[in-house]
Amino acid sequence: SFQNEINEVPFFDVQLPYELALKIFRYLGKAELGRCAQVSRTWKTLAEDEVLWYRLCQEEGYLSDMSISDHSCWKLALKNCRARERTLKYNWKNRIGAVSQLRYELGKVLCDVHSWDGVVVAGYTSGEVRLWDTRTWDYTAPILEAVQGPGDAGPRPHVSFVRINSSLAVAAHEDGTVSVWNLLLGREPIHHYQHNQKIQALALGPEGAAVATASGFEVKVEAPDDRGFWHTTATFEIQKLVNFLNLVPDVTGSPVAVAAAEDIVYLLKAEDPGKILHSVYGQPVTCLDVSAQEAAFGIKTFGWLLNEPNQILLYNLETNQCLTKVGNSMGDFTCVNLHDSPPHMLVAGNKDRRVRVFDVRRGESVCSLYAHQLGVSAVQMDDWKIVSGGEEGLVCVWDQRMGTKLWEMHARHPVRHVWFNSHSLITANIPEERNPRGSGSADDDPAVHRKYRGIIYSYEFSGEQLAGDSVLPICRSSYDELTGYSYNIGLAVPYDSI
């Protein structure tokens with residue numbers, strides 16, 4: 001009511017209309033608005049106007065999907081968001097939270113894992129594909145069913161690759177079959193296709209509904225049309241075997257793929273079939289990642305030229321020009337993450353056991369961490385931390401600015417997948433050996449011993465009751481409750497906080 005009475009706001013010796021005064025206050029930050037609120041009753045009303053605090057909230061990146069009418073007090077909303085962020089950061093740094101194992105107990109070995117926004121998909125040697133939604137914690141892990149052919153009575157072939165995004169899950173099997181499921185429509189595949197040979201690479205964009213697979217000397221891109229019917233949108237013939245394959249995100253029109261085949265990197269567009277992005281004879285590509293505008297890949301030089309060690313090249317996908325070359329290490333770059341990194345940054349892991357962060361505008365290394373004993377196999381970073389996984393099974397969390405290790409976690413097999421957001425972390429240790437000793441069909445026990453199977457961990461760092469209420473009761477069991485702990489349940493973890 002008081003605000004409605006204010007038409008003129010005193011600005012020293014001038015009276016300004018409220019709207020004009022509000023426009024002046026839009027240039028102030030949080031601290032200045034707080035000081036202005038102490039000047040007078042009129043200025044306090046002005047400094048606490050919802051429009052100002054809503055804009056500050058949006059500028060700091062909080063609640064960006066909300067409209068101004070969704071909150072009655074945006075100043076309090078901003079305060080709560082900042083407090084939650086501080087709590088999360090503290091929990092991450094001090095490893096405060098809950099950990100669960102996403103374990104699948106039928107004695108089969110883990111083959112591949114992928115995740116998107118807390119939803120995890122895993123493929124096993126039994127040929128089964130499982131989903132976990134770690135955002136809800138009251139899930140059962142549903143099995144995504146395969147297409148059953150007439151002669152499918154025997155054991156199914158191993159899963160070679162799995163991928164997931166906001167709407168789809170995809171799995172490729174050893175026999176060259178590819179199944180696509182819609183996560184909203186249930187467990188039956190919506191699309192299924194076949195390659196004649198083993199599949200070497202599978203790609204699914206973070207959004208959208210296109211799948212790319214590489215088998216032999218062929219890359220296939222499959223997508224649904226306007227009516228939802230899936231078909232092959234493009235097939236590309238390539239002279240060499242594809243090692244890495246990515247779909248470019250946020251592409252309008254027909255899907256665009258980037259494929260690395262030994263020492264050649266192709267940009268695969270339907271209208272321009274065999275565009276070579278990069279090719280240097282005898283210098284194979286060792287890792288690849290793609291963002292909406294750029295592709296980053298590691299190059300292995302065989303030391304013909306001692307002044308040119310292994311590097312990461314960054315190409316612009318619009319102009320097809322090399323923007324910069326970064327890194328010069330004796331080891332091969334084994335993994336690179338461009339898509340999830342902050343703007344103008346990329347993080348890469350190397351066989352020389354180091355994790356390096358590069359500023360691509362300056363073309364130089366920002367920090368280098370001596371991380372793992374056997375080489376780095378997975379990396380991701382945000383604006384303050386880095387999570388890295390190694391061939392020896394160690395997951396490390398680093399404070400990027402300090403260059404220090406905050407904590408680490410060890411499991412038996414190489415870390416092949418690392419994903420995190422502000423409040424959760426998913427890691428997967430996947431065995432190299434798909435048929436470990438003592439697990440053959442001739443043995444008495446067809447089940448593989450637990451330690452050979454591989455493992456997926458899910459960590460939750462959010463401060464809401466330390467995720468205690470959202471974790472399954474079996475995961476909250478302690479040593480003194482005998483009834484609460486059962487070795488038969490893979491989710492049973494005797495520690496409810498790590």
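The values are calculated or read from the model by the stated rules, or taken from the named source; none is laboratory data. What you see is a predicted model; the values in this text were computed from it and never measured. Methodologically, a virtual Cβ is constructed for each residue, glycine included, from the backbone with ideal geometry; neighbour enumeration extends over all protein chains shown. Surface accessibility is based on the protein's heavy atoms, side chains included, excluding ligands, DNA and RNA. Shrake-Rupley method; radii C 1.70, N 1.55, O 1.52, S 1.80 Å.
Computed values, structure above
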read-out	value
Considering residues of the range 184-195 that are surrounded by fewer than 18 Cβ atoms within 10 Å (Cβ to Cβ) and not in a strand (DSSP E or B) only, the residue modelled with the highest pLDDT	190
Criterion: open to solvent by 10 Å² or more (accessible area, probe 1.4 Å) and at positive phi - qualifying residue of 375, 363, 393	363
Filtered residues of the range 75-125 (kept if open to solvent by 40 Å² or more (accessible area, probe 1.4 Å), touching a strand residue (DSSP E or B) at 6+ places or on another chain (Cβ under 6 Å) and modelled with pLDDT of 90 or more)	93, 95, 114, 116
Residue list for the range 196-237, restricted to those being crowded, with 19+ Cβ neighbours inside 10 Å and over 26 Å from the mean Cα position of the chain (by Cα)	234, 236
Residue count for the range 57-76, restricted to those that are touching a helix residue (DSSP H, G or I) at 6+ places or on another chain (Cβ under 6 Å) and outside any loop (DSSP other than H, G, I, E, B)	4
Residue within the range 39-50 that is among the polar types (S, T, N, Q), outside any loop (DSSP other than H, G, I, E, B) and under 22 Å from residue 21 (Cα atoms) present	yes
